[in-house]
Amino acid sequence: MSDNSKTANPELPQNMDSLYAKMDYSAHYSANLPALLSQLKISLAFTSYQAGRLMLVRSDGHQLDVNYKSFPRPMGLSVTRNSLTLGIFTQVIKFQREDDLLPQIKQPLQPIEQDITAPRIKPKVTQEKGTAEEPSELTPEQQKQKQQWLDYQQQLMAPVDERVDGCFITRSAHYTGMINIHDIDWGTDGLWAVNSSFSCLCTLSPEASFVPRWKPHFISELLPEDRCHLNGMTLKDGKPAYVTTFSTFNEAGMWRKGNKFDGTLMDVEHNEILLRGLSMPHSPRYYRNRVYYCNSGEGQLCRFDPSSGHNEILAEVPGFTRGMDFYGPLLFVGLSKVRPSDVTSPAPLAKKHAETFSGIWVFNLDTLQIVATLKFTGNVDQIYDVAVLPNCSFPELIEPSHPRMRNHFCFPSSKL
């Protein structure tokens, strides 16, 4: 990895989200990272529930562009060849890849008044005078906010960057309620999700908030009490195979109050514990016949061999490891800063390092060497999930509230 680094300073859009308006998204990255992503024709997506953002790491081969999309409490990600699925506060949203829209999104969006598919709603007419109602006088602060909103809307109407080579557009959403969703992934039975509130794995149905499908043997009943903090999941052959929990407690929120770490890696099929005594484990991933996982509280990247039972620590980094994906021999892992929390026992990582970091570290699985890094230098402190987006190095994502949703259509060919 090169010692030289570059800086990404994305411009924050003027939006109405006051909670995150002062977020600093600046980052440093190793000089080789833009070329690496461009040559592999991949990009990265990752979530930060703390920043309230889904983030896309894009490259033109020379520099990175980190693009931010606002969502309430974004968590688990699942990427397929033609979709990206995101779990948020009370919903799961699926974005379909529709590259046929690329020419359209690289053109300005026409005003709604000129759009035959969505004509302007006429101003309300008063019964007394038959004239449009005049808005009440705005204060200077309200005028400023209104102008900021108008400026932001104008930005949304602008063409996307000419470098964009992949388009993901909102296609569907399912309302789960606040199940404290964590990892998600598509399998043979549809989308599987870790339902931390109810300490179970579930699938989704349009007739229900969720469909419970599996729970650890030590959980006696399904109640929204986050008893053991079931958080991580990986599939094998389309079925859930391994999960991580913070504890084996069977009482409401008890995992926060334990005086020692007793996290587990579990086998789903046999509903048995394979490893225990782990420190806040996350992100199990089945890859090349091994289970990779984060022993997060120790800042460790680990690998477990199901056939032999051998467990090994592959690397230790100065951050709370969480979120992981692979591309060939490369492993992408998320790091978060150690944060104050309401758990009785703080992460041991805090005692190992005077300073911890948030960002993405890239490892070569063959050599276990660090290949590249992306490190946030502002106040993006927490990363939850990381996913590789293949076959695009500069993607764009059209979120549900974007005005382009009104007339950017995708449908199968018809002989009508």
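The values are calculated or read from the model by the stated rules, or taken from the named source; none is laboratory data. Source: prediction; values computed, not measured. Cβ sites come from the backbone with ideal geometry, for glycine too, and all protein chains shown count toward neighbours. The protein model used for the area step is the full one, side chains on, heavy atoms only, and it has no ligands, DNA or RNA in it. Shrake-Rupley method; radii C 1.70, N 1.55, O 1.52, S 1.80 Å.
State all residues of region 83-109 that are assigned to a loop (DSSP other than H, G, I, E, B) and buried (at least 18 other Cβ atoms within 10 Å of the Cβ); if no residue qualifies, say none. Even if it seems obvious, please write down each step before you answer.
Within region 83-109, the subset assigned to a loop (DSSP other than H, G, I, E, B) is 88-90, 98, 106-109.
Within region 83-109, Ile88, Glu98, Leu109 qualify.
Take the residues in region 370-381 that are at pLDDT 95 or above and touching a Phe, Trp or Tyr at 6+ places or on another chain (Cβ under 7 Å); name whichever of them is surrounded by the fewest Cβ atoms within 10 Å (Cβ to Cβ).
Ile370
Considering Asn391, Asn407, which residue is out of contact with any strand residue (DSSP E or B) (no Cβ under 8 Å at 6 or more places or on another chain), surrounded by fewer than 18 Cβ atoms within 10 Å (Cβ to Cβ), within 25 Å of Arg163 (Cα to Cα) and not charged (D, E, K, R)?
Working: Asn391 fails: out of contact with any strand residue (DSSP E or B) (no Cβ under 8 Å at 6 or more places or on another chain).
Only one candidate qualifies: Asn407.
Would region 347-367 turn up any residue that is in contact with a His (Cβ under 9 Å, 6 or more places away or on another chain), among the aliphatic types (A, V, I, L, M) and either assigned to a strand (DSSP E or B) or open to solvent by 20 Å² or more (accessible area, probe 1.4 Å) (or both)? Spell out how you get there, then give the answer.
Filtering region 347-367 down to residues in contact with a His (Cβ under 9 Å, 6 or more places away or on another chain) leaves 359.
Next, only the ones that are among the aliphatic types (A, V, I, L, M) stay: none.
No, the conditions are met nowhere in region 347-367.
Of all residues being within 13 Å of Gly61 (Cβ to Cβ), open to solvent by 10 Å² or more (accessible area, probe 1.4 Å) and not polar (S, T, N, Q) in region 1-51, which is modelled with the lowest pLDDT? Just the residue, please.
Of everything passing the filter in region 1-51, Lys6 is modelled with the lowest pLDDT.
When the residues of region 256-280 are filtered to those that are touching a residue at least 60 places away in the same chain (Cβ under 8 Å) and within 17 Å of Arg227 (Cα to Cα), which remaining residue is surrounded by the fewest Cβ atoms within 10 Å (Cβ to Cβ)? Walk me through how you get there before you give the answer.
So in region 256-280, the residues touching a residue at least 60 places away in the same chain (Cβ under 8 Å) come out as 256-261, 268, 279-280.
Applying the additional criterion that residues be within 17 Å of Arg227 (Cα to Cα) yields 256-261, 279-280.
Values: Arg256: 16, Lys257: 13, Gly258: 16, Asn259: 6, Lys260: 9, Phe261: 20, Ser279: 21, Met280: 26.
Of everything passing the filter in region 256-280, Asn259 is surrounded by the fewest Cβ atoms within 10 Å (Cβ to Cβ).
Based on this model, can you work out whether Arg322 counts as surrounded by 14 or more Cβ atoms within 10 Å (Cβ to Cβ), within 29 Å of Lys215 (Cβ to Cβ), basic (Lys, Arg) and without any contact (Cβ under 8 Å) to a residue 60 or more places away in the chain? Don't jump to the end; show me each part of the working.
Working: surrounded by 14 or more Cβ atoms within 10 Å (Cβ to Cβ): yes; within 29 Å of Lys215 (Cβ to Cβ): yes; basic (Lys, Arg): yes; without any contact (Cβ under 8 Å) to a residue 60 or more places away in the chain: no.
Judged against the criteria, Arg322 is not a match.
Would you confirm whether or not region 267-279 contains a residue that is at pLDDT 95 or above and touching a Gly at 6+ places or on another chain (Cβ under 6 Å)?
Going through region 267-279, the residues at pLDDT 95 or above turn out to be 267-279.
Still in the list and also touching a Gly at 6+ places or on another chain (Cβ under 6 Å): 278-279.
The answer is yes; a qualifying residue exists.
Which of the numbered conditions does Thr234 fail, given that it passes all the others? Conditions: (1) in contact (Cβ under 8 Å) with a residue 24 or more places away in the chain; (2) polar (S, T, N, Q); (3) open to solvent by less than 20 Å² (accessible area, probe 1.4 Å); (4) in a loop (DSSP other than H, G, I, E, B).
That leaves (4) as the condition not met.
Going through region 319-353 one residue at a time, which ones are of a type outside the set (D, E, K, R) and modelled with pLDDT under 95? It would help to see each step written out before you state the result.
Start the filter on region 319-353 by keeping residues that are of a type outside the set (D, E, K, R), which leaves 319-321, 323-324, 326-336, 338, 340-341, 343-350, 353.
Of everything in region 319-353, those that are of a type outside the set (D, E, K, R) and modelled with pLDDT under 95 turn out to be Val338, Pro340, Ser341, Val343, Thr344, Ser345, Pro346, Ala347, Pro348, Leu349, Ala350, His353.
What's the number of the condition Thr80 fails, among (1) open to solvent by less than 40 Å² (accessible area, probe 1.4 Å); (2) at pLDDT 95 or above; (3) not basic (Lys, Arg)?
(1)
Could you list, in sequence order, the residues of region 282-311 that are within 23 Å of Pro346 (Cα to Cα) and either of a type in the set (Phe, Trp, Tyr) or part of a strand (DSSP E or B) (or both)?
The answer is His282, Ser283, Pro284, Tyr293, Cys294, Asn295, Gln300, Leu301, Cys302.
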